[in-house]
1. Do you know which residues across the range 29-53 are out of contact with any Leu (no Cβ under 6 Å at 6 or more places or on another chain) and of a type in the set (Gly, Ala, Ser)?
2. Condition first: out of contact with any Ser or Thr (no Cβ under 6 Å at 6 or more places or on another chain) and surrounded by 10 or more Cβ atoms within 10 Å (Cβ to Cβ). Now tell me which residues in the range 30-47 satisfy that.
Amino acid sequence: MALGALRALQTAGKADVMVVGFDGTPDGEKAVKDGKLAATIAQLPDQIGAKGVEVADKVLERRKSSGQISG
């Protein structure tokens with residue numbers, strides 16, 4: 001969407017708008033390198049998923065415990 005926003009801004013003759021993308025796509029990274037896009041933020045779905053599983057595991061382990069939660 002950020003690249004579409006860039007095209008729309010260019011068509012409208014707006015050059016003083018800072019656009020930041022999300023997802024860190026190769027096209028977004030290229031636009032940053034070319035100076036067209038201010039930044040792109042990369043999501044790390046594998047790390048997000050791993051953290052979700054880790055937290056879920058901790059929640060389930062606490063339910064199985066004696067009821068005392070530490071640290």
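The values are calculated or read from the model by the stated rules, or taken from the named source; none is laboratory data. Computed from a predicted structure; not experimentally measured. No Cβ is skipped: glycine too gets one built from the backbone with ideal geometry, and neighbour counts run over all protein chains shown.
1. Correct list: GLY35, ALA38, ALA39, ALA42, GLY49, ALA50, GLY52.
2. LYS30, ALA31, LYS36, LEU37, ALA38, ALA39, THR40, ILE41, ALA42, GLN43, LEU44
Conditions tested, residue by residue: (1) part of a strand (DSSP E or B); (2) at pLDDT 90 or above.
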{"position": "GLY4", "(1), (2)": "no, yes"}
{"position": "VAL17", "(1), (2)": "no, yes"}
{"position": "GLY21", "(1), (2)": "yes, yes"}
{"position": "ALA31", "(1), (2)": "no, yes"}
{"position": "GLY35", "(1), (2)": "no, yes"}
{"position": "ILE48", "(1), (2)": "no, no"}
{"position": "GLY52", "(1), (2)": "no, no"}
{"position": "ALA56", "(1), (2)": "no, no"}
